[in-house]
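The values are calculated or read from the model by the stated rules, or taken from the named source; none is laboratory data. Keep in mind that what you see is a predicted model, and the values were worked out from it rather than measured. All Cβ positions, even for glycine, are placed from backbone atoms using ideal geometry, and neighbour counts span all protein chains on display.
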Amino acid sequence: MRTSVQYRKTKETEISLSLCLDGGDVSVSTGIGFFDHMLTAFAVHGGFGLSVEVQGDLLVDCHHTVEDVGIVLGKAFSEALGDKSGIARYGSFYIPMDESLAFASVDVSGRPFLVFQASFPQERVGDFDTCMTEDFFRAFAVNAGITLHARVEYGANSHHEIEALFKAVAHAMQLAVAQTQGGVLSTKGVL
C-alpha cells in the first residue's frame, strides 16, 4: 500500500494526517468548514484515503492552518510515492462546476513548481479567505515535489471556482499517481 502518516507541530498549528493513494476512508477536521469541504472533495474525487486533524490558531485567521495543511499533505504524497517508479507521472483534467470551469495539469517530476491563474470575485467563502487557495496549492506542490499548473478558466462564484480547482487537481493527481508496469518514467532513469 502506498501510504504515509504525518505529524507536524509548530507554535501555530498541530496536524495529524494519514494518506493512502489507493483509497480508504475520508475524515477531515481543520476548524474551517469550507476547507474541510475542499479537502474532502479532493480525497473523494482523487480516490484517496485521507484523515486530517488540525488544531490551528484560527483566532488569528485561516492562513497558518491552510498553508500548513498544504505542507503536510504534500509531504505525505512525496513519501507515499517513494522513488516515483511505476506511476503514470502526468495527469491533466478539466472540471466544470455550474458557471465555473477549472483546469489542472500535474507532473510528478521531483521539480516543485506552481503556475496558478485564478481571480476570485468574493474575498471569503465562509471562514476561508479565497486568497489562501494559491498558498495552499503552492505549499502542496513544493512539498510533494510536483509541477502543478492550476487555473480557473472562468466563473462568477468563488465557491464554485475553488471547488472546481480542488476537484481538477484531485483528478489530475489520480491520473499521475496511477500505477503502471514500468519503472521511473524518465529518459534520465530517475526523477
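Within the set of pairs 6 or more residues apart or between chains, which connect a residue that is closer than 10 Å to residue 54 by Cα inside the range 22-37 to a residue that is part of a loop (DSSP other than H, G, I, E, B) and small (Gly, Ala, Ser) with Cβ atoms less than 8 Å apart? Pairs that qualify, where the first residue is closer than 10 Å to residue 54 by Cα and the partner is part of a loop (DSSP other than H, G, I, E, B) and small (Gly, Ala, Ser), are 32/126.
Look at the range 112-127: where a residue is under 16 Å from residue 74 (Cβ atoms) and a partner is part of a loop (DSSP other than H, G, I, E, B), sitting 6+ places away or on another chain with Cβ atoms under 6 Å, you get 112/145. Identify all residues within the range 111-157 that are among the acidic types (Asp, Glu) and closer than 19 Å to residue 66 by Cα; write none if there are none. Residues satisfying the conditions are 123, 127, 129, 134, 135. Among residues of the range 54-69 that are over 9 Å from residue 12 (Cβ atoms), those with a Cβ under 6 angstrom from a residue that is β-branched (Val, Ile, Thr) and part of a helix (DSSP H, G or I), sequence gap 6+ or separate chain, pair up as 54/65. Return a yes/no flag: does the range 87-108 have any residue that is out of contact with any strand residue (DSSP E or B) (no Cβ under 8 Å at 6 or more places or on another chain), among the charged types (D, E, K, R) and at pLDDT below 95. Within the range 87-108, none of the residues are out of contact with any strand residue (DSSP E or B) (no Cβ under 8 Å at 6 or more places or on another chain), among the charged types (D, E, K, R) and at pLDDT below 95.
Of all residues being of a type in the set (Gly, Ala, Ser) and within 17 Å of residue 39 (Cα to Cα) in the range 99-133, which is surrounded by the most Cβ atoms within 10 Å (Cβ to Cβ)? Just the residue, please.
Step one: filter the range 99-133 for residues of a type in the set (Gly, Ala, Ser), giving 100, 102, 104-105, 109-110, 118-119, 126.
Restricting the remaining residues to those that are within 17 Å of residue 39 (Cα to Cα) gives 102, 104, 126.
Numbers: 102: 26, 104: 24, 126: 13.
So, considering only residues that are of a type in the set (Gly, Ala, Ser) and within 17 Å of residue 39 (Cα to Cα), the one surrounded by the most Cβ atoms within 10 Å (Cβ to Cβ) is 102.
Could you check the range 127-141 and list, in sequence order, the residues that are over 12 Å from the mean Cα position of the chain (by Cα) and of a type in the set (A, V, I, L, M)? Once the filter is applied, which keeps residues that are over 12 Å from the mean Cα position of the chain (by Cα) and of a type in the set (A, V, I, L, M), the range 127-141 yields only 132.
Just so you know, in the range 40-67 the residues that are out of contact with any helix residue (DSSP H, G or I) (no Cβ under 7 Å at 6 or more places or on another chain), of a type outside the set (S, T, N, Q) and surrounded by 22 or more Cβ atoms within 10 Å (Cβ to Cβ) include one that is nearest to residue 24 (Cα to Cα), and it is 48.
Do the conditions hold for residue 124, that is, is it over 15 Å from the mean Cα position of the chain (by Cα) and among the charged types (D, E, K, R)? So that I can check it myself, show each step before the final result.
Values: over 15 Å from the mean Cα position of the chain (by Cα): yes; among the charged types (D, E, K, R): yes.
The answer is yes for residue 124.
For the range 153-175, which positions are outside any helix (DSSP H, G or I) and surrounded by fewer than 23 Cβ atoms within 10 Å (Cβ to Cβ)?
Let us first name the residues in the range 153-175 that are outside any helix (DSSP H, G or I), namely 153-157.
Selection gives 153, 154, 156, 157.
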